[in-house]
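Trainee: Handing you this structure, nothing more for now.
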Amino acid sequence: MDQLNRMATELVDEAIDFADELGVAEFRLDNEATVLDFGVDHPGGVEAGLMLTEIQTAGLASVTSHLESIADASIPHVELTTDHPVLALLGSQKAGWELATEDFEGLGSGPARALVADEDVFDRLGYAEAFDFAVLAIEADELPTDAAATQVADLAGVDESAVFLPTYATASITGSVSAAARASELAVYRLFELGYDPADVHSVSGTAPVAPVASDETAAMARTNDALAYGGEVHLIVESAFDRFDELPSTASDEYGQPFADIFAETDWDFEELPADVFGPAQVTVDVIGGETTTYGETSEALLVESFGL
């Protein structure tokens, strides 16, 4: 299998070729790093969000959209399936890079994380990459600066001209789609936190509603998390049984039942103060090969209706 950053770079090239059709824009910073505006000053869209998710998972996931009903409303849902959950979700899609310079802050996901490989997840997976190009998707309400791109280049060990930064705001169509595609990642990472060997997860499929775009970043952050915690559904095919599967869904959290706007407000939006189990899909079905298939948790249409303003 090719390296994650090689596969993601090919997808970035495809996004650049179809920028107009996707509603995105590509431009070079003064230091020759490439920024792709997926939903900051340009509108992006559902297709842009699906393409961004493919980039974030380095092409190792199948990502589609479909319509489902919530109350009386037809709402787009995103479905993500991968037979490579360790690399696609933990090694690439997970948002684990807090990018901060004097003039820029953003949250990074994507395969460039594997070039740095300083997160606990890479230590445990025993995975790291060395490649000539770095792809880091950035969630921020402004576009990256030269200083931000230089920091990525320095940490990833590549030239600044080899850095690609697809960027999107949480409060954008692309942001809502990208967030909905994280149901599978949340379940697999939760398993990782609970001590289950992620290599024993053979396949995962997840779906979640695309939250209506909120008026600002904080409202969007709350609403997109509601979409996952109260509407996300995941199916896992795993190698072996585990006595903590019941802790995977959001229903296992003491905070379950509250809109995320209230949950975040209780900690003054300090995410480090939040318990790890607050982030999870609403419902998880675990299919143990040769064993039982069990469903944990449940979705909550009422909370989605409240959060989405339906």
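Any read-out appearing in this document is the output of simple, stated calculations on the displayed coordinates, not a laboratory observation. Small disclaimer: the values here were computed from a predicted structure and weren't measured. Cβ coordinates were reconstructed from backbone atoms using ideal geometry, including for glycine residues, and neighbour counts include every protein chain displayed.
Trainee: Using P(r) over Cα pairs in 10 Å bins from 0, in percent as the read-out, say which of (1) 5, 24, 32, 22, 12, 4, 1, 0; (2) 7, 29, 37, 22, 5, 0; (3) 6, 28, 33, 20, 10, 2, 0 was calculated from these coordinates.
Mentor: Comparing each candidate, only (2) matches the computed number.
Trainee: Shifting gears a bit: Peptides 226-237, 265-276, 96-107: what's the order by average Cβ count within 10 Å, highest mean first?
Mentor: Values: 226-237: 26.8, 265-276: 11.0, 96-107: 15.7.
Top to bottom by mean Cβ count within 10 Å: 226-237, 96-107, 265-276.
Trainee: Can you list the residues of segment 195-226 with backbone N under 19 Å from a point 7 Å past the Cα of Ala100, pointing along Cα to Cβ?
Mentor: Under 19 Å, as judged by backbone N against the label point of Ala100, lie 218 of segment 195-226.
Trainee: OK, next. What FRET efficiency comes out for the pair Thr293/Ser69, r = Cβ-Cβ distance, R0 = 25 Å, nearest 0.05? Present the calculation step by step, with values, prior to reporting the outcome.
Mentor: Values: r = 26 Å, r/R0 = 1.03.
For R0 = 25 Å, the calculated efficiency reads 0.45.
Trainee: A follow-up question, please. May I ask you to derive the relative contact order of segment 4-308, considering only C-alpha pairs under 8 Å and at least 6 residues apart, and to give it as an integer percent? Write out the running numbers ahead of the final one.
Mentor: Details: 727 pairs, mean separation 52.6, N = 305.
Worked out over segment 4-308, it gives 17 percent.
Trainee: Go through 34-40, 5-11, 175-181 and give me the packing order, highest mean Cβ count within 10 Å leading. Spell out each step's value before the answer.
Mentor: Numbers: 34-40: 25.6, 5-11: 22.0, 175-181: 29.0.
Top of the packing list down: 175-181, 34-40, 5-11.
Trainee: Then there's this: Considering only DSSP beta bridges whose two residues both sit in the chain, what percent are antiparallel, to the nearest 5? List each step's numbers first, then the result.
Mentor: Working: 39 of 54 bridges.
Counting DSSP beta bridges with both partners in the chain, the antiparallel share is about 70 percent.
Trainee: Using helices alone, I'd like the mean residue ellipticity at 222 nm for the chain: each DSSP H run of four-plus residues gives -39500 (n - 2.57), total over residue count, nearest 500. Could you put the intermediate results ahead of the total?
Mentor: Working: 11 runs with 101 residues, N = 310.
Rounded to the nearest 500, the figure is -9500 deg cm²/dmol.
Trainee: Short version: ³J(HN,Hα) in whole Hz for each residue of segment 126-133, in order, from phi by Karplus 6.51 cos²θ - 1.76 cosθ + 1.60 (θ = phi - 60°), x for Gly and Pro, what are they?
Mentor: Per residue, the Karplus-derived 3J(HN,Hα) values read x, 10, 7, 10, 9, 8, 7, 10 Hz.
Trainee: Also, I was wondering about something else. How big is the C-alpha Rg of segment 10-72 next to the rule-of-thumb value 2.2 N^0.38 Å, as a ratio?
Mentor: Details: Rg = 13.7 Å, N = 63, 2.2 N^0.38 = 10.6 Å.
That works out to 1.29 for segment 10-72.
Trainee: Continuing with this model, one more query. With every atom except the alpha carbons ignored, what do you get for Rg and Dmax of segment 31-147, in angstroms?
Mentor: Cα radius of gyration and Dmax of segment 31-147 are 15.8, 50 Å respectively.
Trainee: Which FRET efficiency value, to the nearest 0.05, do you get for Thr218 and Asp197 by plugging their Cβ-Cβ distance into 1/(1 + (r/R0)^6) with R0 = 30 Å? Could you put the intermediate results ahead of the total?
Mentor: Working: r = 36 Å, r/R0 = 1.21.
Calculated value: 0.25.
Trainee: When the chain is modelled as a GNM with alpha-carbon springs shorter than 10 Å, which of Ala71, Ala114, Ala88 fluctuates the most?
Mentor: Result for the chain, Cα springs under 10 Å: Ala71 fluctuates most.
Trainee: To the nearest 0.05, what FRET efficiency results for Glu21 and Asp118 with a Förster distance of 35 Å applied to their C-beta separation?
Mentor: Numbers: r = 37 Å, r/R0 = 1.05.
It comes out at approximately 0.45.
Trainee: Hey, another quick one. Given H placed 1.01 Å from N in the peptide plane, which residues other than close sequence neighbours of His202 have an amide H under 5 Å from its amide H?
Mentor: When sequence neighbours closer than 5 places are left aside, the close amide H contacts are Ile237, Val238, Glu239.
Trainee: Taking the chain as the reference, fit the longest principal axis to its C-alpha atoms, fit the long axis of helix 146-156 to the helix C-alpha atoms, and give the angle between the two in degrees, 0 to 90, nearest 10.
Mentor: On a 0 to 90 degree scale, this one is about 70.
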